[in-house]
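Taking it in order: structure first as structure tokens, then the write-up.
The values are calculated or read from the model by the stated rules, or taken from the named source; none is laboratory data. This structure is a prediction, so every number in the text was calculated from the model and none was measured. Glycine also receives a Cβ, built like all others from the backbone with ideal geometry; neighbour counts cover every protein chain displayed. Side chains are part of the model used for accessible areas, which takes the heavy atoms of the whole protein and leaves out ligands, DNA and RNA. Shrake-Rupley method; radii C 1.70, N 1.55, O 1.52, S 1.80 Å.
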Amino acid sequence: SYNRFNQLGLTGTCNSIPNTFAYRGDVTGFNNNNKSCAYDYGKDFSLQQPVDRLNFVGRGAFNFTANTTGTVEVTASNVKSHNEYTPNQITTVARGANYPVFQQTFNTTTGAFDVVRDASGNPVRAPYYQDLTGVIPGYDNTKPIRIRWRCLECGTRQQETETDAYRVLLGLEGTIDKWDYRLGVSTAGSKATTTYLDGYLDEVKTFRAMGTGLINPFLRAGQTQTAAALALIEGAKFRGALYGGEAKLLQADGVLSGDVYTLPAGPLGAAIGFDARNESFQFTNGTIGQPAIIGAGSPATLAKAERDIAAVFAELNVPIVKTLSAQLAIRHDKYSDFGNTTNPKVALRWQPAESALFRGSYNKGFHAPDFGPLYAGETQGQFNSDVNDPVLCPNGGNGIGCKIRPATLTGGNPNLKPEKSKQWSVGMVVQPVAWFSASVASFGVEINDRISSRTPQEILAKFQTLGQFIIRNPTTNEITVIRSGFINVAGDEVRGADLNLTFNFKNAMGKWVGRLDGTYLKSYKTRKDVSDPGTELVGQFGNFDTLWDLKLRWKHNASVTWSDGPWTGTLGQTYASSYNEEVDGYGSGVNLQNKGFQSKIKAYILYNVSASYTGFKNLTLRAGIKNLLNTDPPFSLHNVDNIAGAGWDARVADPRGRAYTLSATYAF
């Protein structure tokens, strides 16, 4: 009758457990779960992670001659961040985590469970087995129980990441005759390690502990685990450094610039330069060669990978007539791991009057594949929500292949090509009066061969053509693993405009400056196949297929700043336009908007205020209020499975409310 159920759901007492509620199949579409309970795990997510930062920045300059200056720059940092997530959800599988009929002990010699027997040799029933004989017709109390259990006793999942980074630069700049030159040699590196502190479980140890039958996953209100059960849970935990990576860079670059010729409209400026560097990266996943860690996810181990890059570039600034000039540039890059690429740029600048300027540009660009998408090994994960096998459960229900969460494998693709782009922009700046100026620029971007990950959800949806990436049990034909990873897809097309308005004047009260900087996005289409007309992302919540990208129609920052003597005050506004609500929040194909939920997430408007005082020698005092009106984020009906934030969207909003800032800066 039901795909999942428990005693609390059968008796209508789910809410006797904190943050637990009756399952709403009328919302999710999974009516076969209506006799189970749902746990509001979104409440367990942290709003803000504690971070400790220690930074050093140093710079020295040395004048060797009147025309030659040497520089040394050193930066270093240590950052520690602490993350906390929901308690683990343990989903049992056929290989041993089911709650047993009889009490058992694990035999390390045979690698199997031995049934515990009493003095008469009879098997001892597991103490918490849910025998529903007579409650559910046809219940077979000789079978183990498959369970899905939110292990609150395991504690929240906690991890700490420590990152050390550095950069050292030696520079030399000066002039030779009428030419300016700049040379630099630098090295940089970053190393990070993530340590699991609590709440994570060794899969093998957990399944062995569950197999004893001594842990009670069926607790009701007021009940607690026994000391023996808590000891088993504690013994199954994984603690320690789990994964980490290291990146290094060695670089030399230089540029030579100056005027090479005087044309009738002005000097012809030129610049030539080079850039040579070596990049390397490696990543170690501590789970390789070990049992899986329940609730953990990280990229697969990537043995040290490196590339050599060499580039040369040239640029001309050509005065065509007194009011019109052109910029011509070209850059050629050579990558040791995928080949060569040449990218030009052309720009025009026309200023017919002091109060009007027109400009436009066209250029090409590229983005080399990162080391992870290229060389990473396979990483095992799991679906975040229930899915139906399109072969075994094409119409839903509660049979084999229904409401499953198969394992997933993702990994790198050494055959990736670089992303290529074309960009153009046309704009103008006008200043009709001394106290007001405005600029507007229309832009367009086309990205081809965009690097994207083919999601397990996409493979499942397109199983007719991508079925070779679905791995099945040869005996039962049930899905065991879906293999996905990085590919080059067709690309994106973007159209929009940037706007700036600036007011600047003085009166008896002091100096006033008003600014508005905004971006209007007319269209952002993404497509995976060349023949695909494209999916419009502007104003859409996003989904698995679009990697949850959020493209707002309009956003801006506006401010008014007043200053008089040592005093300065600013009132600012940030605005993010409304967008469509999530349609399918549970991966069930149910249109939640048709269920009576809102269709739009409202616009988000915040006001911030700050003031500063510089009346003391070498000292600046600042104070401010963020979110002056204590505005709540606009409500979003999504949960945390795909996008951070439950009831609010972290891609746009901040749930922390009004905050106060105070700082003092002393310079000497």
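A few notes on this one:
- A protection proxy built from the mean count of other Cβ atoms within 10 Å ranks the segments 346-354, 57-65, most packed first, as 346-354, 57-65.
- Applying 1/(1 + (r/R0)^6) with r as the Cβ-Cβ distance of PHE64 and LEU662 and R0 = 51 angstrom yields a FRET efficiency of 0.70.
- Among HIS332, LEU348, ASN363 - extreme Cα towards positive end, dipole of the stretch 307-373, charges at beta-carbon: LEU348
- Here the extension length gained between LYS334 and PHE358 equals 5.2 nm, from 0.36 nm per residue of separation less the Cα-Cα distance.
- Semi-axis lengths, Å, the stretch 411-563, gyration tensor of Cα atoms, sqrt of 5 times eigenvalues: 48, 17, 12
- Taking Lys and Arg as +1 and Asp and Glu as -1, the other residues whose beta-carbon sits under 12 Å from that of ASN55 total 0.
- For the stretch 1-142, the relative contact order works out to 14 percent when only alpha carbon pairs closer than 8 Å and six or more residues apart are counted.
- Using only side-chain charges placed at the Cβ, +1 for Lys and Arg and -1 for Asp and Glu, the dipole size of the stretch 170-287 relative to its Cα centre rounds to 760 debye.
- Farthest positive-ward along the stretch 172-221 dipole, Cα basis, beta-carbon charges - from LEU219, ILE176, LEU197: LEU219
- Across the chain, the mean sequence separation of Cα contacts (distance under 8 Å, 6 or more residues apart), normalised by length, yields a relative contact order of 7 percent.
- With 0.36 nm allotted per residue and the present C-alpha distance subtracted, the LEU348-ALA434 stretch has 28.4 nm of extension available.
- Eigen-decomposition of the gyration tensor built on the alpha-carbon atoms of the stretch 320-401 gives equivalent ellipsoid semi-axes of 54, 23, 10 angstrom, largest listed first.
- Counting only Cα atoms, the stretch 267-412 measures 78, 40, 25 Å along its principal axes, largest extent leading.
- Our summary gives the stretch 610-661 a relative contact order of 35 percent, counting only alpha carbon pairs under 8 angstrom and 6 or more residues apart.
- Within the assembled protein chains, the solvent-accessible surface assigned to MET509 is about 120 Å², based on a 1.4 Å probe.
- In this Cβ point-charge picture (+1 for Lys and Arg, -1 for Asp and Glu), the chain has a dipole of about 800 debye about its Cα centre.
- Amide H within-cut-off set for ARG454, under 5 Å, with H built and near neighbours excluded: GLY485, PHE486, ILE487
- Förster radius 60 Å - calculated FRET efficiency between THR133 and SER186, Cβ distance, rounded to 0.05: 0.25
- Nearby lysines by direct alpha-carbon distance to LYS617 (threshold 29 angstrom, same-chain neighbours under 8 apart not counted): LYS506, LYS511, LYS626
- Against the criterion of solvent-accessible heavy-atom surface with a 1.4 angstrom probe, ASP449, ASP517 sort, most first, into ASP517, ASP449.
- Under the Karplus curve 6.51 cos²θ - 1.76 cosθ + 1.60, θ = phi - 60°, whole-Hz ³J(HN,Hα) for the stretch 320-327, x wherever Gly or Pro sits: 7, 9, 4, 9, 10, 9, 10, 10
- Over the chain: helical MRE at 222 nm, DSSP H runs n ≥ 4 each giving -39500 (n - 2.57), nearest 500: -1500 deg cm²/dmol
- LEU628 long-range amide H proximity, modeled H, under 5 Å: TYR607, ASN608, VAL609
- Sorted largest first, the spans of the alpha carbon positions of the chain along the three principal axes are 109, 58, 57 Å.
- Computed with a 1.4 Å probe over protein heavy atoms only, the accessible surface of the chain comes to 54 Å² per residue.
- For the stretch 429-540, size of Cβ-based charge dipole, Lys and Arg +1, Asp and Glu -1, in debye: 280
- Selection from GLY596, GLY58, ASN6, by position along the positive dipole direction of the chain (Cβ): GLY596
- Within the accessible area of the stretch 1-132 (1.4 Å probe), percent carbon and sulfur: 50
- Kirkwood Rh in Å, taken over the stretch 379-476 so that all alpha-carbon pairs contribute: 18.3
- Its Cα gyration tensor gives the stretch 593-668 an equivalent ellipsoid; the semi-axes, largest first and in whole Å, are 39, 12, 7.
- Computed over the alpha carbons of the stretch 51-167, Rg followed by Dmax gives 30.4, 101 Å.
- Those aspartates and glutamates that a straight Cα-Cα span of less than 20 Å connects to LYS178, excepting residues fewer than 8 apart in one chain: ASP259, GLU315
- Note on exposure: GLU582, GLU419, GLU234 ranked by accessible area (1.4 Å probe, complete protein assembly) read GLU234, GLU419, GLU582, with the most exposed listed first.
- Qualifying aspartates and glutamates (Cα of each under 12 Å from Cα of LYS462; at least 8 residues distant if same chain): ASP389, ASP545
- Apportionment of accessible area to carbon and sulfur, the stretch 291-407, percent (1.4 Å): 55
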